[in-house]
Amino acid sequence: MTILTASPLLDRKGDFPGMAGDWAYLDTAATSQKPQAVIDAIARCYGPEYATVHRGVYERSATMTLRYEEARATVARFIGAATPDEVVFVRGATEGINLVAQSWGQRLQAGDRVLISALEHHSNIVPWQMLRDRAGIIIDVAPLTDDGRIDEDALIAMIRPETRLVAIAHVSNVLGGVADVARIADAAHAMGALLMVDGCQAAPRLALDMAALGCDFYVLSGHKLYGPTGIGVLWARAEILESMPPWQGGGAMIDTVTFEHTSYAPSPARFEAGTPHIEGVIGLAAAIDYVESVGIDRIHAHEAELVRRTRAALAGINSITLYGPQASAGILSFTMAGVHPHDIGTILDEAGVAIRAGHHCAQPLMKLLNVPATARASFGLYNSADDVDRLVAGLARVTRIFGIKP
Ligand code: PMP
């Protein structure tokens, strides 16, 4: 008797015009392709629905303002924020972290410490270094486990009374490991520190609930979540946001202005100076609607299955070294003995397989792994088992071209 089990794999390639054609796109950790629903929402926004927000007294602008604020509510629901007012629209995760460093960071003084991990993206390293240069803070770096996850025991042991902030990636953009945010939040809070989470790679793959995670700041980028570029989210607990000074001045972030004195709007408006990225916000809400229609848990299961198949196939090629934990979320990195990752990427491209080769904006991690670069395959909800097969066939071609025994 044959027992049929439902395949966890999704079949949604057809929703994505960018996936059409003869190629396997395996660079979703860099940026995701967009479903037609998002492209349509942006086209409508720029077409028959277009007007500014927050200022217009005419109906079109009032309608657009409603949609803009509905999008904020959509984001809040998606990430489990307590209220939409906890959602600040920014350009992306990079801007979100810089906002925290430059606004909240103003309360830090010489000798205060910020604790990050060894696998952070440059965007969660450099803003703290800039603050170090301005304010004299000290940056501590927690080590990794042998399989490339944040060593949470070591990280927790490194939280000191002077640690004001722990700032870590929820999912590593290089190794795909998932941090136990709730555990780290409890440990940080027990020592009087706050926790900021870089959720760039988690938001497209994991169900998010800010209350359950227990963190204080969370950032994400729309373009990795099947939405537009140039839009992202900074979430912070309401009382923290309210206590933070503005970081950019201009229109829309004020209450009253005279030449002598200006008073500021409450958050989130206080942090959204200038005309916002209207179509970005509308497009992001459309992306979230799309993701929710597929189901984030199904997306997670789909990518986990593709990663499992890829790891199993690559483990059979002797010249390949795989990095990161077995159960990595949608992302895996590898090197091949005797072949530079850029050459792997170029040969795979000839075979219609698009991967990323390089340092992935994580140069300190590359140093730790003792490699100049890695090849990275990363999956999205639109990838198929066929994409995995193409990657594996392409890598076999790399070994043939370089005369390596597979
Ligand atoms: N953090 C992580 C973990 C990322 O993967 C990225 C994008 N590669 C960023 C931060 C920066 O995101 P963005 O460039 O969209 O601001």
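Before we move on, is residue 115 more than 25 Å from residue 274 (Cα to Cα) and among the hydrophobic types (A, V, I, L, M, F, W, C)?
Working: more than 25 Å from residue 274 (Cα to Cα): yes; among the hydrophobic types (A, V, I, L, M, F, W, C): yes.
Against the criterion (more than 25 Å from residue 274 (Cα to Cα) and among the hydrophobic types (A, V, I, L, M, F, W, C)), residue 115 qualifies.
Suppose the filter is of a type in the set (Lys, Arg), surrounded by fewer than 19 Cβ atoms within 10 Å (Cβ to Cβ) and more than 16 Å from the ligand (Cβ to nearest atom); does residue 77 pass it? Walk me through it before giving the result.
Working: of a type in the set (Lys, Arg): yes; surrounded by fewer than 19 Cβ atoms within 10 Å (Cβ to Cβ): yes; more than 16 Å from the ligand (Cβ to nearest atom): yes.
So residue 77 passes the test.
Report yes if residue 138 is closer than 18 Å to residue 364 by Cβ, within 12 Å of the ligand (Cβ to nearest atom), touching a strand residue (DSSP E or B) at 6+ places or on another chain (Cβ under 6 Å) and modelled with pLDDT of 95 or more, otherwise no.
Details: closer than 18 Å to residue 364 by Cβ: yes; within 12 Å of the ligand (Cβ to nearest atom): no; touching a strand residue (DSSP E or B) at 6+ places or on another chain (Cβ under 6 Å): yes; modelled with pLDDT of 95 or more: yes.
No; evaluated as a whole, the condition is false for this residue.
Mind checking whether some residue in the stretch 281-293 is in contact with a strand residue (DSSP E or B) (Cβ under 7 Å, 6 or more places away or on another chain) and not polar (S, T, N, Q)?
Of all residues in the stretch 281-293, those in contact with a strand residue (DSSP E or B) (Cβ under 7 Å, 6 or more places away or on another chain) come to 281.
Filter again for not polar (S, T, N, Q), leaving 281.
The answer is yes; a qualifying residue exists.
Is it the case that residue 31 is at pLDDT below 95 and either β-branched (Val, Ile, Thr) or in a helix (DSSP H, G or I) (or both)? Don't jump to the end; show me each part of the working.
Details: at pLDDT below 95: no; either β-branched (Val, Ile, Thr) or in a helix (DSSP H, G or I) (or both): yes.
Criteria not met by residue 31.
Does residue 230 satisfy being open to solvent by 10 Å² or more (accessible area, probe 1.4 Å), more than 16 Å from the ligand (Cβ to nearest atom) and not charged (D, E, K, R)? So that I can check it myself, show each step before the final result.
Values: open to solvent by 10 Å² or more (accessible area, probe 1.4 Å): yes; more than 16 Å from the ligand (Cβ to nearest atom): no; not charged (D, E, K, R): yes.
So residue 230 fails the test.
The values are calculated or read from the model by the stated rules, or taken from the named source; none is laboratory data. Computed from a predicted model, the values in this text were never measured in an experiment. Glycine also receives a Cβ, built like all others from the backbone with ideal geometry; neighbour counts cover every protein chain displayed. Each accessible area value is taken on the protein alone, full model and side chains, heavy atoms only, with ligands, DNA and RNA left out. Shrake-Rupley method; radii C 1.70, N 1.55, O 1.52, S 1.80 Å.
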